[in-house]
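The values are calculated or read from the model by the stated rules, or taken from the named source; none is laboratory data. Note that this is a predicted model, so its numbers are computed, not measured. Here the Cβ positions follow ideal geometry from the backbone for every residue, glycine too, while neighbour counts run over all protein chains shown.
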Amino acid sequence: MIGLIDSTMLKLFIGIGGILVLATIVAAILWFAKRGQDNSTLKNLNQRIAAWWVMALGLAVTLLIGETAVIVLFLGLSFLALREFLTIAPTHRSDHKTLVWLVYIIPVINYWFLWEHWYGAFAVLIPVYAFLFLPIRNALAGDTENFLQRAAMIQWALMVCVYAISYIPAIMQLPVMIHNGREAAEGSALSSGGAEGALLMLFLVVVVQLSDVFQYVWGKTLGKHPVAPSVSPNKTWEGLIGGVLTATAIGAGLWWITPFTWWQAALLALVSCLMGFFGGLVMSSIKRDRGVKDFGATIAGHGGIMDRLDSLSFSAPVFFHLVRFFFTT
Amino acid sequence: MNVKQLLKRGLSGLITTASGARVRAEGTDGEAPDFPPQAIYFANHSSHLDFVTLWAIMPAELQPKVRPIAAADYWGSGLKQSVAEGIFNAHLVHRYKDRAHTPADARPTRQTDSGSSPKTSQLTGMTDILDAGDSLIIFPEGTRGPGDQVATFQAGLYRLAQHAPEVPVVPVTLKNLSRILPKGETIPVPRLSQVIVHQPLFVDDDESQEHFLSRARGVLADELATDAQGETA
C-alpha cells in the first residue's frame with residue numbers, strides 16, 4: 001500500500017484508465033471519420049475526455065500522497081466553487097465583510113475539523129455556528145434591503161460549496177466508524193480509514209459521475225420527454241432512467257470495493273444517483289434564474305467546478321449519513 | 001528572458017488567476033484580442049485591481065512598453081510607489097483636486113459638459129510617453145465608481161487622442177472587479193471577472209470633444225449594460 005492506494009484500488013484505477021483509453025480511441029475515430037464537418041459536439045466531447053484524464057490522474061495523485069492531500073484538494077475545490085457561486089449570486093456591496101468570513105475563515109475551520117477526524121464539530125460547525133453567525137455579521141453591516149434573500153443566498157453558498165462538498169472526503173473516515181464504532185472514530189488518527197475509506201469515497205465518485213455521463217449519453221440518443229422543461233430541456237426521463245439504472249448496475253458490480261453486499265451497494269448507488277440528478281436539477285434552476293449557462297469555464301468542455309460537482313454535492317451528504325446510520329454503531 | 005521578466009510573467013499569471021479574469025475580444029465567446037504595438041487603452045474604473053489586471057493581461061512583449069496612469073495621492077508614497085513604478089511601470093499623476101497650486105492653474109481652461117478639464121501640465125507627462133512610442137492605460141472617469149455604471153469622462157482622453165491621432169484608442173470594459181475589491185475594502189473576495197477588449201477608436205478630424213468622449217464612454221456603458229451579473233448598490 002502506497003499512500004491510500006492498495007492493490008484493490010490499483011485494479012479500480014486500471015479499470016478507469018481502460019475506460020478512458022477506450023473513450024479516447026472512440027473519440028479519435030469519430031474525429032477522423034467526421035473530419036472537415038461542423039463538429040462542435042465532437043470538439044466538446046474531446047475536451048471533456050481530456051478533462052476526465054486530468055481529473056482522474058489528479059485524484060490518483062492525491063490518494064497516493066494521503067488523506068491530508070485529499071482534504072486540501074477538496075478545500076481548494078470548495079474555494080473555487082464558492083468563487084463561481086459568488087460570481088452569479090446578487091449579493092450587495094455591504095455583504096463584503098461577511099463574504100470574507102464565508103470564503104477565507106469558515107471553510108478552513110470546516111476542513112480542519114475534518115482533518116482532525118472530529119466528526120461532532122464538523123457536523124455542526126456550518127449548520128449551527130456559521131448559519132447563525134453569518135446573518136449576525138450581515139445585520140451588523142446595517143444594510144436591511146433584501147436582507148432575507150441575501151442571508152439565504154450566503155447560507156446556500158456555504159451549504160452547497162463547502163458543507164456538502166466536504167462530505168466527499170468525509171466518507172474516507174466511515175470505515176473507522178464501521179469497524180470500531182462512532183465513539184472510537186471521534187478524533188481517530190489521520191488516514192485511519194485507510195484504503196477502504198478511500199475506496200468508499202471512490203465508489204461514490206465513480207458511480208455518481210458515471211451516472212452523469214450515462215444520463216447524457218441516454219438523453220442524447222433516446223431523450224424525448226423532459227423531466228422539468230422550464231428548468232432544463234436536456235434532462236429527460238429517458239436519460240434519467242437509463243443513466244441512473246446503468247450507474248446503479250455499475251455500483252452493484254463494484255460491491256467488491258466496498259464493505260457492502262451487492263444489493264446494499266446497488267441501493268446506495270441508486271439513492272446517490274437520484275440525489276445526483278436532483279443536484280443537477282437544482283443547480284440548473286439557479287443558473288437559469290441568474291441567466292447563465294455554466295458556472296464558469298474552469299474545466300474545458302465541462303464548464304465550471306460547480307457544473308461538475310453539482311451531483312456529488314447533493315449525493316455525498318446523503319450517502320455519508322445513510323452509511324453512518326445503517327452500518328455503524 | 002531574464003529573471004525579472006520571468007518574475008513579471010509569473011506575477012501576471014498570479015493576478016489573472018486571482019481575479020479570475022477571462023479576457024476576450026468584443027463580440028466573441030472567448031477569442032483572444034489583438035493588442036496593437038502602441039495604443040491608448042482606457043477602461044471603466046471601480047477598483048484598485050483595475051490597472052493591475054489590465055497590466056497583467058498584456059502580452060509579454062508589449063508589457064514593458066505599457067504605462068498605466070495611477071493617482072499619486074494613492075500610489076505615490078512609500079512601498080505603494082515602489083510597487084507601482086518598479087513593477088507595474090506606472091506613471092503617477094497628481095490629480096487636479098489635490099495638486100499643489102501652480103501658475104498654470106491661474107490660466108482659464110475650457111470647461112466642457114464632459115466634466116472637469118484637467119490642466120495641461122497633467123497631460124504633458126502622458127504625451128511624452130506617447131511621443132516615446134509607448135502605450136498608456138488611463139481611466140477617464142478620474143476616480144473609482146460603484147462598478148455598474150460609467151461616470152462622465154474627463155477631457156484628457158480627447159486631448160491625448162488628438163495629440164496622437166494615428167494611435168488607436170482601445171476601449172476596455174472591466175466587469176466584476178469592483179465586486180472582488182470594492183472601494184473602501186482591503187480584502188478581496190474571490191469572483192470571476194471579465195476583461196472585454198473592444199474595437200479601436202480614432203478621433204475624427206473635425207470631431208468635437210463632447211462627441212468623441214460620449215462615443216468612447218458609450219462603448220463601455222453599453223457593454224456593462226449587457227448581462228449585468230446582478231450586483232446592486
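One residue stands out in segment B:177-199 among those that are under 19 Å from B:Gly27 (Cβ atoms) and in contact with an Asp or Glu (Cβ under 9 Å, 6 or more places away or on another chain): the one that is farthest from the other protein chains (Cβ to nearest Cβ), namely B:Gln199.
Checking the structure you have, find out if any residue of segment A:89-99 is closer than 22 Å to A:Gly304 by Cβ and more than 14 Å from every other protein chain (Cβ to nearest Cβ). Looking through segment A:89-99, none of the residues is closer than 22 Å to A:Gly304 by Cβ and more than 14 Å from every other protein chain (Cβ to nearest Cβ).
Of the listed requirements (1) under 17 Å from A:His321 (Cα atoms); (2) at pLDDT 95 or above; (3) buried (at least 20 other Cβ atoms within 10 Å of the Cβ), A:Ala185 misses just one: (2).
Apart from one condition, A:Phe79 fits all of (1) part of a helix (DSSP H, G or I); (2) more than 21 Å from the chain's Cα centre (by Cα); (3) touching a residue at least 12 places away in the same chain (Cβ under 8 Å); (4) within 14 Å of chain B (Cβ to nearest Cβ); the exception is (2).
Taken over segment A:157-173, the criterion of being in contact (Cβ under 8 Å) with a residue 40 or more places away in the chain, away from chain B (no Cβ under 14 Å) and out of contact with any Asp or Glu (no Cβ under 7 Å at 6 or more places or on another chain) is satisfied by A:Val160, A:Tyr163, A:Ala164, A:Ile165, A:Ser166, A:Tyr167, A:Ile168, A:Pro169, A:Ala170, A:Ile171, A:Gln173.
Tell me whether segment B:165-176 contains one or more residues that are within 14 Å of another protein chain (Cβ to nearest Cβ), in contact with a Lys or Arg (Cβ under 7 Å, 6 or more places away or on another chain) and not hydrophobic (A, V, I, L, M, F, W, C). Within segment B:165-176, one or more residues are within 14 Å of another protein chain (Cβ to nearest Cβ), in contact with a Lys or Arg (Cβ under 7 Å, 6 or more places away or on another chain) and not hydrophobic (A, V, I, L, M, F, W, C).
(1) within 11 Å of chain B (Cβ to nearest Cβ); (2) free of Cβ contacts under 8 Å to residues at least 12 places away in the same chain; (3) not aromatic (Phe, Trp, Tyr): which one isn't true of A:Leu102, the others all being true? Checking A:Leu102 against (1) within 11 Å of chain B (Cβ to nearest Cβ); (2) free of Cβ contacts under 8 Å to residues at least 12 places away in the same chain; (3) not aromatic (Phe, Trp, Tyr), the one that fails is (2).
Residues in segment B:203-221 that are under 19 Å from the mean Cα position of the chain (by Cα) and surrounded by fewer than 13 Cβ atoms within 10 Å (Cβ to Cβ): 1 in all. What's the total number of residues in segment A:228-278 that are in a helix (DSSP H, G or I), over 19 Å from A:Thr8 (Cα atoms) and not aliphatic (A, V, I, L, M)? Qualifying residue count for the region: 14. For A:Leu45, are the conditions met, namely being in contact with a helix residue (DSSP H, G or I) (Cβ under 6 Å, 6 or more places away or on another chain) and surrounded by 13 or more Cβ atoms within 10 Å (Cβ to Cβ)? Yes; evaluated as a whole, the condition is true for this residue.
Checking the stated criteria, B:His163 turns out not to satisfy the condition of being at pLDDT 90 or above and touching an Asp or Glu at 6+ places or on another chain (Cβ under 8 Å).
Matching residues to (1) modelled with pLDDT of 90 or more; (2) surrounded by fewer than 18 Cβ atoms within 10 Å (Cβ to Cβ); (3) away from chain A (no Cβ under 14 Å):
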| position | (1), (2), (3) |
| --- | --- |
| B:Leu6 | no, yes, yes |
| B:Ser19 | no, no, no |
| B:Thr28 | no, yes, no |
| B:Ala43 | yes, no, yes |
| B:Ala56 | yes, no, yes |
| B:Pro68 | yes, no, yes |
| B:Tyr74 | no, yes, yes |
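Whenever a residue of segment A:34-61 is in contact (Cβ under 8 Å) with a residue 24 or more places away in the chain and under 12 Å from A:Ile299 (Cβ atoms), its partners that are buried (at least 16 other Cβ atoms within 10 Å of the Cβ) and β-branched (Val, Ile, Thr), lying with C-beta atoms within less than 7 angstrom and at least six residues away or across chains, give the pairs A:Ala51/A:Ile299. Restricting attention to segment A:1-59, the residues being closer than 26 Å to A:Ile257 by Cα and either among the hydroxyl-bearing types (Ser, Thr, Tyr) or more than 24 Å from the chain's Cα centre (by Cα) (or both) number 6. Here B:Ala228 meets each of (1) within 14 Å of chain A (Cβ to nearest Cβ); (2) touching a helix residue (DSSP H, G or I) at 6+ places or on another chain (Cβ under 9 Å); (3) modelled with pLDDT under 90 with one exception, condition (2).
Tallying residues that are hydroxyl-bearing (Ser, Thr, Tyr) and buried (at least 21 other Cβ atoms within 10 Å of the Cβ) within segment A:299-329 yields 3.
Reported count of residues in segment A:60-73, each being of a type in the set (A, V, I, L, M, F, W, C) and surrounded by 22 or more Cβ atoms within 10 Å (Cβ to Cβ), is 2. Restricting A:Asp212, A:Asp289 to residues that are closer than 23 Å to A:Ile165 by Cα and surrounded by fewer than 17 Cβ atoms within 10 Å (Cβ to Cβ) narrows the list to A:Asp289.
Residues of segment A:64-75 include at least one that is at pLDDT below 95 and outside any helix (DSSP H, G or I).
Among the candidates A:Glu145, A:Glu116, A:Glu84, A:Glu67, the residue that is within 14 Å of chain B (Cβ to nearest Cβ), of a type outside the set (Phe, Trp, Tyr) and over 24 Å from A:Ser284 (Cβ atoms) is uniquely A:Glu145. Checked against the criterion of being among the β-branched types (Val, Ile, Thr), surrounded by 19 or more Cβ atoms within 10 Å (Cβ to Cβ) and more than 18 Å from the chain's Cα centre (by Cα), segment B:162-181 has no qualifying residue.
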